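Step one of this worksheet: look at the structure below.
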Amino acid sequence: MSDPLDAPLIELKDVRFGYGERAVLDGLSLSVPRGQILAVMGGSGNGKTSLLGLLGGRYAAWSGSVQVEGQEVGRLSGARLYALRRRVGMLFQFGALFTDLSVFDNVAFPYREQTSLPESVIRDLVLMKLEAVGLRGAAGSTPSQLSGGMARRVALARAIALDPMLMMYDEPFTGLDPISAGIIGRLIQRLNAAFGMTSLIVTHDVNETLRIADRIVLISEGRIVRDMTPQELRESDDLFIRQFADGLPDGPVPFHYPATPYARQLLGEGDAHA
Amino acid sequence: MLDFLEGLGGATLRVLARLGLASRFFVTVLARTPGALRRPGLLIPQVHFAGVRSLAIIVVSGLFVGMVLAVQGYEVLQRFGSADSLGSLVALSLVRELGPVVAALLFAGRAGSAVTAEIGLMRATEQLAAMDMMAVDPVARIVAPRFLAAVVSLPILAAIFSSAGVLGAYLVGVELIGIDSGAFWSQMQASVDFRMDVLNGLFKALVFGVAAGLICVFEGYHAAPTAEGVSGATTRTVVISSLSVLTLDFILTVLMFRGLN
């Protein structure tokens with residue numbers, strides 16, 4: 001029998017999922033080994049965030065299999081789902097800090113809710129996590145006093161409070177200045193190594209991703225279309241990859257949303273706006 | 001004609017679907033309520049917000065309603081030479097009707113709308129999702145204590161409203177107009193029945209607390225995560241709570257007092 005630790009931590013097979021009638025993910029398969037930092041890239045609206053929702057058990061796939069540590073996430077509910085989530089950390093796009101709690105209390109929240117540790121131990125743990133993201137000095141602040149980058153670092157400290165095996169990052173670099181984005185990137189890398197985690201980053205920041213990811217997958221039209229290392233991405237002359245990496249407005253991915261031909265619509269044919 | 005029927009059918013279905021959603025949510029909230037009772041650290045700040053911080057508006061409104069009742073009541077009663085009954089008129093109107101109903105309407109406008117906006121914004125900023133991802137049930141942690149706070153606070157607020165109203169009526173009726181103080185109090189004491197009037201009034205307030213509490217947490221929890229979503233939900237909380245309180249009041253009054261004649 002093979003060592004269970006060699007088995008991939010995340011295993012998605014032929015996943016179909018969407019909202020209403022529209023399928024966002026269609027036949028997506030992906031396997032992530034332990035310890036890896038995987039970046040999932042792709043244009044907006046390509047189902048990257050839905051992927052995190054499926055892995056966290058917030059949505060159930062229409063069909064296919066979504067497994068984390070060998071457990072079929074879509075079939076878990078109640079206490080068993082919560083048992084899995086205690087081992088999965090998630091950094092939301094804008095941090096999602098509790099605005100009625102101080103920075104300290106935000107990071108203490110998982111300990112107070114999930115453990116019965118005495119307050120003196122919680123205090124030390126919170127200060128350690130805040131130190132890890134460089135914000136021990138901001139413990140007494142409220143979230144509204146923090147900049148976007150600081151808020152995300154506090155949220156990161158909160159997300160890693162219970163030492164998760166898997167960290168999921170939803171657009172961790174969006175809206176940050178290059179320095180803050182660099183800090184978050186280095187933290188993701190350092191924490192992944194220090195705590196032996198596996199990280200899944202959903203992003204479209206090419207620069208940061210190239211710097212920290214072990215592997216990059218590109219999603220388009222609901223499935224994975226490219227799977228490569230940062231080195232391969234840099235050197236590729238694939239038109240699709242180049243369009244994405246260099247930010248070219250038009251290419252294999254069209255600039256225009258599908259519409260009636262321009263001339264015909266201007267002449268009064270087509271939809272209701274004619 | 002067909003369009004009209006189609007629209008009517010669609011609207012009815014939407015209302016029914018919303019009612020179904022609210023009923024299921026109500027059951028979920030009720031199931032989490034015992035847990036909220038076991039965590040006073042979560043409940044007490046909510047009672048403080050919904051109850052204690054509503055005191056100013058409740059006391060001032062109660063005083064004014066009582067004073068107006070005294071002026072109007074005196075004007076009518078003295079035509080029949082029974083101005084001495086002012087105490088019982090004021091106390092019965094307040095304890096049976098105005099205390100629970102007006103307190104509930106004020107509560108929906110002050111505390112209910114605030115709770116809806118708070119929960120709605122927590123949803124819009126993904127705080128509820130973050131909590132859920134941290135394996136903490138947002139219904140148990142956020143919704144249940146706020147619902148319970150409304151249920152606990154409203155009967156007390158209604159009682160305080162009625163007391164302030166009686167005091168206001170005393171100030172105007174006895175101190176200002178000059179009705180005999182002994183007659184004012186003894187008439188009141190003779191005509192107000194503890195079970196029929198006081199307890200029934202408090203029971204009404206309890207029912208209103210359940211209704212207003214449920215509506216405000218439901219609207220907040222199901223608000224669309226946008227600015228219009230939260231503002232719409234806040235408006236709906238005030239409108240639906242007020243209409244529900246008035247409807248429930250009519251039903252409860254008929255049930256409580258129909259056997260009396």
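Please tell me if A:Leu166 is within 14 Å of another protein chain (Cβ to nearest Cβ), out of contact with any Phe, Trp or Tyr (no Cβ under 9 Å at 6 or more places or on another chain) and of a type outside the set (Phe, Trp, Tyr). Yes, satisfied. Scanning region A:100-125 for residues that are over 21 Å from B:Thr125 (Cα atoms), in contact (Cβ under 8 Å) with a residue 24 or more places away in the chain and either among the aliphatic types (A, V, I, L, M) or away from chain B (no Cβ under 12 Å) (or both) yields a total of 1. Summed over region B:232-245, residues that are over 17 Å from the mean Cα position of the chain (by Cα) and touching a residue at least 24 places away in the same chain (Cβ under 8 Å) total 1. Residues that are basic (Lys, Arg) and away from chain B (no Cβ under 14 Å) do occur in region A:172-192, at least one of them. I'd like to verify a number: residues in region A:97-127 that are within 15 Å of A:Ala161 (Cα to Cα) and in contact with a Leu (Cβ under 9 Å, 6 or more places away or on another chain), how many? The number of residues fulfilling the criteria is 13.
Among the residues making up region B:235-246, those that are surrounded by fewer than 22 Cβ atoms within 10 Å (Cβ to Cβ) and farther than 16 Å from B:Leu19 by Cα are B:Thr235, B:Val238, B:Ser242, B:Leu246.
Listed by position, the strands (runs of 3 or more DSSP E) contained in region A:166-273 that have at least 3 residues being in contact with a Gly (Cβ under 8 Å, 6 or more places away or on another chain) are A:166-170, A:215-220.
In this structure, A:Gly20 does not qualify as at pLDDT below 90 and within 14 Å of another protein chain (Cβ to nearest Cβ). Run A:Ser50 past the list (1) closer than 22 Å to A:Arg86 by Cβ; (2) within 14 Å of another protein chain (Cβ to nearest Cβ) and report the number of the one that doesn't hold. Unmet for A:Ser50, out of (1) closer than 22 Å to A:Arg86 by Cβ; (2) within 14 Å of another protein chain (Cβ to nearest Cβ): (1).
All conditions but one from (1) within 13 Å of chain B (Cβ to nearest Cβ); (2) closer than 23 Å to A:Ala151 by Cβ; (3) of a type in the set (A, V, I, L, M) apply to A:Leu76; the one that does not is (2).
Would you point out which residue out of B:Ala135, B:Ala130 is in a helix (DSSP H, G or I) and touching a Phe, Trp or Tyr at 6+ places or on another chain (Cβ under 7 Å)? Among B:Ala135, B:Ala130, only B:Ala130 is in a helix (DSSP H, G or I) and touching a Phe, Trp or Tyr at 6+ places or on another chain (Cβ under 7 Å).
Among the candidates B:Met188, B:Met131, B:Met196, the residue that is within 14 Å of chain A (Cβ to nearest Cβ) and surrounded by fewer than 24 Cβ atoms within 10 Å (Cβ to Cβ) is uniquely B:Met131. Checking each residue in region B:139-154 for being within 14 Å of chain A (Cβ to nearest Cβ) and either in contact (Cβ under 8 Å) with a residue 60 or more places away in the chain or not in a helix (DSSP H, G or I) (or both) picks out B:Val139, B:Ala140, B:Arg141, B:Pro145, B:Arg146.
Taking region A:38-67 as the range and being in contact (Cβ under 8 Å) with a residue 60 or more places away in the chain, surrounded by 23 or more Cβ atoms within 10 Å (Cβ to Cβ), of a type outside the set (Gly, Ala, Ser) and part of a strand (DSSP E or B) as the test, the residues that pass are A:Val40, A:Met41. The test for being among the small types (Gly, Ala, Ser), under 30 Å from A:Phe94 (Cα atoms) and in a helix (DSSP H, G or I) holds for B:Gly220. Mind listing whichever residues of region A:73-115 are modelled with pLDDT of 90 or more, within 20 Å of the chain's Cα centre (by Cα) and more than 23 Å from B:Arg32 (Cα to Cα)? Those that are modelled with pLDDT of 90 or more, within 20 Å of the chain's Cα centre (by Cα) and more than 23 Å from B:Arg32 (Cα to Cα): A:Arg87, A:Val88, A:Gly89, A:Met90, A:Leu91, A:Phe92, A:Ala96, A:Leu97, A:Val107. Selection over region A:79-99 of residues that are more than 8 Å from every other protein chain (Cβ to nearest Cβ) and in a loop (DSSP other than H, G, I, E, B) gives a count of 2. For region A:208-253, the candidate set comprises residues that are exposed (fewer than 14 other Cβ atoms within 10 Å of the Cβ) and of a type in the set (S, T, N, Q); within that set, the residue that is nearest to the chain's Cα centre (by Cα) is A:Thr229.
The values are calculated or read from the model by the stated rules, or taken from the named source; none is laboratory data. A quick note: this is a predicted structure, and the numbers were derived from the prediction, not measured. For neighbour counting, all protein chains shown are included, and Cβ atoms are generated from backbone atoms with ideal geometry for every residue, glycine included.
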